[in-house]
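Reading through the structure tokens given below for one structure.
What follows draws every value from the coordinates through simple rules; no lab data is involved. These figures come from a predicted structure and were not determined experimentally. We place every Cβ from the backbone using ideal geometry, glycine too, and count neighbours over all the protein chains shown.
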Amino acid sequence: VAGSARTTFHRKKERGTHDRRTIDAILDEGLVCHVGFPEDGSTVVLPTAYARSDDVVYLHGAAANAMLKTVASGAPICVTVTLLDGIVLARSAFHHSMNYRSVVLFGVGSAVDDPDEKLRALLAIVDHMAPGRSEDARPPTESELQATAVVRLPIDEASAKVRSGGPLDDDEDMGLPIWAGVIPCGLVSGPAVVNGVLPASVRTPEYVVDPTPAATLPDLG
Ligand SMILES: Cc1cc2nc3c(=O)[nH]c(=O)nc-3n(C[C@H](O)[C@H](O)[C@H](O)COP(=O)(O)OP(=O)(O)OC[C@H]3O[C@@H](n4cnc5c(N)ncnc54)[C@H](O)[C@@H]3O)c2cc1C
């Protein structure tokens, strides 16, 4: 994406990029975004599910959802996605850090009213949680669609930032008798817990046996 005044990096510029492939990869791997929006003269940030589809990020929720109403009204919003890759323990307290990949996305959203786009967006959000799930789940009914609001935010003013590697201690601290290094972190899913008694014909889908978003810890560099 083209840089803008708001997405110009000031600190640690070497960690920042406007490369769309990097931005998309982070958006696609993340499962939770945080949406910052104005509300009654203050700023609110709420976590929520999302999905990227081509050049758009979709959010959804109850038709009465205040955040979605604000986004649909065209208020300026900011959406972030953060992947925590590691806790960086330096010899000095000062140089402790985190390894991460993150995206900041600015823009103005709008309501998705077109029925086809709305359905595609909702299925994209389901597939973002478990790839292929939308083909297995019962599709939404008309009343479920009515009860659900969907908004879109174009990906045209965005930035990504990536930190990797070990601690950056000062030279004079390198000989200190203090453990230093990285504790790798990642989102890890546990064994699936089946709900109720399923018909005998139901096989456990591959996306349950091997959920992809949480499958791999990142390269630690
Ligand atoms: C898990 C995690 C932990 C962090 N911990 C700290 C911390 O403790 N202290 C600290 O100072 N910083 C931390 N950061 C980095 C922080 O997000 C900012 O990049 C940094 O604080 C610089 O802030 P600034 O206001 O000077 O940014 P600026 O460089 O002025 O930001 C300008 C623009 O750069 C882009 N940008 C800035 N940061 C990011 C980002 N993280 N991802 C994508 N785009 C970005 C945005 O478009 C932003 O509007 C952390 C980041 C992550 C993901």
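Laid out as a table, the results:
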item	result
Gap separating the Cα centres of segment 138-205 and segment 86-108, nearest whole Å	16 Å
Selected from Ala63, Ala124, Ala192 as most flexible by GNM, with the chain as the system and alpha-carbon contacts under 10 Å	Ala192
Segment 1-125 - charge dipole about Cα centre, Lys and Arg +1 at Cβ, Asp and Glu -1, debye rounded to 20	660 debye
Most mobile listed residue (Ala51, Ala66, Ala200) in the chain, GNM with C-alpha springs under 10 Å	Ala200
Partners for Lys118 among lysines (Cα-Cα distance below 30 Å; same-chain residues under 8 apart left out)	Lys69
Prolate/oblate/rounded call for segment 1-111, Cα gyration tensor, a/c under 1.5 rounded	prolate
Helical mean residue ellipticity (222 nm; -39500 (n - 2.57) per DSSP H run of 4+; nearest 500) of the chain	-5500 deg cm²/dmol
Tensor-based shape of the chain (alpha-carbon gyration tensor, a/c under 1.5 rounded, otherwise prolate or oblate)	oblate
Shape of segment 84-136, Cα gyration tensor, a/c cut at 1.5	oblate
Cβ charges +1 (Lys, Arg) and -1 (Asp, Glu), total dipole of segment 86-221, debye	320 debye
Lys13-Glu144 pseudo-label distance in nm [points 7 Å out on the Cα-to-Cβ vector]	5.0 nm
At most 14 other Cβ within 10 Å, DSSP loop - trypsin sites (Lys or Arg not before Pro), segment 154-211	Arg203
Listed residues Asp114, Asp85, Asp171, most fluctuating in the chain (Gaussian network, C-alpha, under 10 Å)	Asp171
